[in-house]
Each structure stands twice: as C-alpha cells, then as structure tokens.
Amino acid sequence: MSSRERVRVWLWLREAGAGWIAILPVLEIVQLALWGGLRDRGRYVYSPNAMLLAGMVPMVAGMWMTVGQYQARLLLSAVELRVPGVLRMLCLTLSGFAAWTILELLAPIVVLHGPYLQWLLFVFCAICTGVLAALFRGTYFDIPILLAGGAVDIHAAMGSSIVSPKWVELLTVAMPFLIAWRLRVLIRALRSAAHDDLFLRSLAAVEGCNTPARWSGGSRATASSGARQVLTAWRRAVFGENTGLRQGTVDRSPTGVWRVSLGPLYERRVSWILSGFAPVPILILLGSHASTVMFVQFFSCFVLVGSALACFGVIFLVNRVRRLADLLGNPSGEIADLALLPGLGGRWLQRRALLREALLRPLAYYGLCLGGMVGSWWALLRLSQASIETILFLAVPPSAMLMLFAMMNVGVLSGRLGRDSTWIYDSVCFVIFPVFLFMDAGLGSLNWTPSLSGWLSIAWVTVLGAMTACLIRWGIQLSRRRNLLCR
Amino acid sequence: MVIDQRTSREQDPLSCLELRHGFGDRKILEGITLRIPRGAVFGLIGSNGAGKSTLIRILLGLIRPDGGESRVFGCDSLELDDSVKQRLAYVPQQPEAFQWMKVGEMLDFIGGFYPAWDAGYVDKMLARLAISRGAKLSQLSPGERQNVALIRALATQPALLVLDEPAAALDPAARRELLREIAGRVGESGTTVFFSTHIVTDLERVASHVALLHGGRLMINAPMDDLKETYARLTLASEADIPAHLAGELSRRRHPDGSVSLVIERRPGEQWPVIGASAGSTLESLSLEDLFVEVIQ
C-alpha cells in the first residue's frame, strides 16, 4: 500500500468513526480493573462477568450510535457530492467495525472461559441498539431506544425475572428488520426532495448543535404525523412549550425578545427526564426481584449515573453557551437586529434583560433540574443504605456543571470567549474526567487506591478554584462593558 | 464654524468624524470623515477587506470605534434611541438572523416592532418573488435570504436604509429590481440610502454620491455628477518630469514602458496642475470603474 493510499484509508477510517470503536477495549480494561478491584465483593450478588457485561453494553450502544452518525454523515455527503461507490465502502467498513467490536469484547471472555455465546448475543444487541438510535437520531425516539436497549440488555445480563435472555434473542432477530425498514425510509427521503433537510439534520445531530430549530419541532423527524401531534400536544401540556410565534402572541419585551433569540433552556426536556429518572421504571420492573436492594446498590455505583449527568449535561450546557456566543459574535446574525430593534429600551435595559435571560434564568432552571435529579438519586442511595460520602459525591457533578456554565457564560458576555474558543472545550474535559473518577472513588469501589478520594478532592478544589478565579476576572470585565450589544 | 458643522451633522441621517478603528495591529479605518445628506443615495466602494462592512457597523453603533464619533440622525451611534431605530433599516452582507424561523414568522415578529410596518408590501413582494411564508429561512438560497432581508428592511418604511453589499447574492434581474426599488423609494419618500458594493455599474445607475475606501482612508468622496470634473488621470512619459508628490495626487502607477499615470483630485474652483499641460502628457477624465481601478492599483 502506497503512502498516499494509506493516508486515504486513514482519513476514511477517521471519518467513519473508527476512533470510537478503538476506544472500546480501553473502556473494557477500565471496567475490568474496576470490577476486579471491588473492595467488598460480597455486597454484590452478581458475578464479575455479568457486571462487566452490564457495564459494557451501554458503552457499546453509545459508541455505535456515534459511529452510525458518522456513517450517515459520510453517506449523505457522498450523495450530495455524487461520489460513486461509497455505499459499498460503508457496508464493508460497518461489517469490519462490527466484527472488530465483537472480537475485542469477546476475546477476554473466551480467554477466561466465560459465557461467550451470551456475550456475543448481548454485544450484537447493543450494536443494533446503537445503529437504531443513530438512524432515529434527530427524532424523539433516539434516546428512548438507547435507554430501552440498554435496560433490556442489563436486565437480561443480571438475570432479571422480568427480562429473560430469550427476550434478547427475539430482539436480536427483530432489530435487523427494524434497521432495514428505517434505512429504507431514509433512503427514500434521501432520493426525494427531503434530502436537504435530512442532510442538515444529520449534520446538526452529529455536531450536537443546540439551535432553536431543534426545539421548535419543525426540523425533528417523527415516525408519523399522528405520533408527532400526540407528542407535541403532550409536550405543550406538560411543559407549556410554546414560542408563541405561531399563535402571534410573542412577548415583545426585552427579556421576551432575548428568550426567543436564545432559544429554550433545554434541548430535549424529555431526554433529560428520561436520563435522570430512568432508574425509577427499572426499579418498578424489578419490584418482584428478590435482590432489588442489591441491584440498587449495583446501580448506584454504575458509571451511567456519572455519564448521564456529566456528559449529557455538560454537552448541553456547552451548546447553550455556544449559542450565546453565536448570537453575540456573529455580525451578520441576530445581534445587528437586536441592537437596532426599536422598543427594547436603552443599553442598560438590554443589558439587564440579556443577563437575566442568558445567565440568571438558565442557572435557576438548571439548578432546579439538577437538584431534582440529585434528589431522586439521593432517595435511591438512601434505599440502598449508601454512605453519606457517596451522597455528597453525587452533588459534585451538578455543582461543577453550574459553575462551568456560569463561568463560560460570563466569559462570552464579557467578550473573552468566542464560539470556538479552546477554553470551552478544555473546560469540559476538566469537569467530565474528575466527575468519572469521583463517581468511582466516591463509591469506594477501588481498593487499590485508598487515598484516591483525598487526592481527587484536592484536584477538585483546585479546578473549582480556577473556575471561580476566571469567573471573578471575567465578571469584572463584564461589569466594565458599557454596551453588551456593541463589539 | 464649528457650530455650523455640528448643526449640519446633526441634521444629516448619517455622519462620522475622524473615525479610527483597527483589529489588533491592523489599522482598518484611519480618520474617516463622512456626511450623508438627506435624500442621497450614497455608494461606498472599495476592494475586499477595505473595511466597508466595518465602517457601516461603526456608523450604526454595532462596533465601538477606537476613536472618533458617528451619528445617526444626530444621535450618537452608540446610544441610539427608539425614535431613531424606527427610522433606520439595515441589511447585512449575508443575512443570517433568525434562520430557525419561517419566513412569515420572522417577518411578523420583526414587523411588530415597527409602527410603520407595511404588511401589504411584504405580501406583494413575497408573491412577486415566489417566496413562501412557510419556508424556513435556513432552507432558502443565499439570494432568497437576501431578498427576504431586503423586503423586511423596506417594509419598515425607513428614512435611512443601510445596505451592506445588497446585490452580492442576487441575480441580475433581482439586482435590477432592487435598484429600481431604491430609486423609487428615494423619489417617493425621500429615503436616504447608504450602500456598499463591488459592482460599479450599480453605483453608476443609482448613486447620487460616491465614496471610495482604500487603505483605511476615503480616497474619493464626491457627488456623482462632480466626479468627472473633480478627478482626472494624468499620464506622463517619464516620472522625472514630476515632483515626488503632486498636489491633489491620489495614486501613482508606473507602467512597464516607463510612463507614469496619476489620479489627480481638483478642488472646486482650482485648475488642473500645470504639469498636466506639458509636452507628452495627457489629461483625461475617468469613468467610475477606471477611477476605482487606478486608485486601487
């Protein structure tokens, strides 16, 4: 293979999302270390195999959802640019990735003489779940598919009386058909005039954009108009979600205009609710199970808690900040309109309205949301008789996220941060990684690092201190800016 | 005299005095002084990156200048009040605002802020351009988006219309329609129009005043009718015949054959430089396009 071809293959693999598949063994090793090093294994009624399987399944599904999005983007780009032979390449790549995923996950089990047929079944099911979630991305079904697939897999792996492995076998047969059906629908849309919309939606989903278009309901695809109407009516009834634009009852006060321009305080409230309260229906399902308390104990230290709070939350908050940066930084965007729109008062009034809508209201809202989630988890942890440290550790991710959000928002408002500022991305890493470590260390699952939580506390205080210092510095700069709408 | 100047500036729809601005070490505008009289169609021309958009944004108070001041209807650009904003409409070069809205939603939303909003005009223009009210702004072509932005600006019935390269994304027919609309507005309601462009023929068609921005300075600033009497090209066989800097010289270009051409500005009531009458030299008036090319090069 010539160097040029090698570069092309490398580029193709990168664009197809090979990196995500390559991360899986690393995560598996981390999980193995985690479960292998459990301090008090007697507390758990499940075998390390089952726990490892249950730990890996959501990750495989999540990775494959991302990979599926990469593939969709490649396919759609290729169709747009009329590049020939891409479909064949994609099929080959997908098959290769699937084979590699199964191999890398099965290898340690086969070596350890574990139940590899069961693993094969569950990993395949997780891959299908991820692909389905990717194909339904941008609709109301992506997160529910992911959660349902993960929950079914975990239940089956843990030997639940409700979900037996036979259900998973049935699902494994049904899922490829569902994937084929969804693909057919998408390809039809691609060939018709709707392909532009599909393309944009796919790209938006990959980039995780939080534009107001994603909440108006206009750009979100649904399975049928009937389902869409039901969902829209439900969302309006439950959340009062309404821009007022269609009804002609727009609030034209300064705060109302900023609210319309910034978009809602949520991207998908339904997803948030599902992410935060997913354990509740699972517990109800497990009501008949003899080891409910044990299951809760297991679930309370499960990495999903950290990932649901940290990843979903931080990504969403960052998108929200980027939206604000877009609004204030793009000279051809809304900023010119808002600065020159009559009836919005002077600069002080606008400044107050902007600070309220961009900073105070979101902080209050997210504080309430995160407080609700922490509260529900606290209840679960109390049920499982967890230590008070565990509960305290649970409050760390939300407080970090709120601090990060405040810091980045003030940075943007003061003009120190732009949409693509590296600060925004680096700050996210600062928060997400300690959160993961905290979740593990705080729950006392690692016996090889007795002082880890102490060191992490110091690191955490340092990170929080740095964020506070930035917040104060940028806050002073913000207070000196006379007109926030003028660059 | 100072009071007269100030009074005059306060009556002008748009004016600035000694504007200076830069990005980092790069100077974009250096001492720009400009007055746009009421009812004028003022065309601003300049090469890419000359600072036309920056100047427009500073004039409207969207960017705080490093120095100098600008006024809109006599009001400080950085402190515009509602009465001024109601009389002002601005169309950026690539309108990207509210792309998540539908055309009708955006127009209704914006229209609610303007007492003089002409809903009939909006409907008429949307029908003429075959743009659906239900179409999403993000799904329109750049030209359609620009058309919607222009409709929105004109529907406010502004006293001052500021357009940043309005014809950049328009096809020739739409461009001609826009120019006709501008001319009509000026004739009917005395709207003052300030627009930047690359397209010299557009300027020649509608502009009553023209300014050329180059190297951070306004090299040319004159009524269109006076252009030929004010600026001329002097061509000399050799550079040795002329001083290092001639009075009124705007630019100097050396040709491969050794000859030199200069663009000369003549103040009202003054004569062309005497050197222009010497042997071997030619003095010719310039079209706007030639003038642009000579000064830029």
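Computed from the coordinates by the stated procedures, all read-outs in this text should not be read as laboratory data. It should be emphasised that the depicted structure is a prediction, and the values quoted were computed from it without experimental measurement. Counting neighbours? That spans all protein chains shown, and the Cβs are built from the backbone with ideal geometry, glycine included.
One table, with the values for the structure above:
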quantity: Neighbouring partner chain Cβ atoms per residue of A:342-348, average, 10 Å criterion; calculated: 5
quantity: Amide H contacts under 5 Å for B:Q157, placed H, 5+ residues apart; calculated: B:D118
quantity: For peptides B:248-256, B:215-223, B:45-53, sequence by mean Cβ density within 10 Å, most packed first; calculated: B:45-53, B:215-223, B:248-256
quantity: Test item: B:63-72 mean partner chain Cβ contacts at 10 Å; calculated: 1
quantity: GNM top mover of B:L246, B:L140, B:L160 - chain B, alpha-carbon springs below 10 Å; calculated: B:L246
quantity: Average beta-carbon neighbours from other chains, 10 Å sphere, peptide B:51-61; calculated: 2
quantity: From phi via Karplus (6.51, -1.76, 1.60), per-residue ³J(HN,Hα) for the stretch B:247-263 in Hz, x at Gly/Pro; calculated: 4, x, 6, 9, 8, 9, 10, 9, 9, x, 7, x, 6, 9, 10, 10, 9
quantity: Table column - 3J(HN,Hα) (Hz), the stretch A:171-187, Karplus curve with 6.51, -1.76, 1.60, x for Gly and Pro; calculated: 4, 4, 6, 6, 4, x, 5, 5, 4, 4, 5, 5, 4, 4, 4, 5, 5
quantity: Candidates per trypsin sites (Lys or Arg not before Pro) in the stretch B:120-149, loop by DSSP, up to 16 other Cβ within 10 Å; calculated: B:R133
quantity: Relative contact order %, chain B, counting alpha carbon pairs below 8 Å whose residues are six or more apart; calculated: 19 percent
quantity: Amide hydrogen neighbours beyond the local backbone of B:N221, cut-off 5 Å, H modeled; calculated: B:L212
quantity: Other-chain or far-sequence residues with amide H under 5 Å of B:Q99's (modelled H); calculated: none
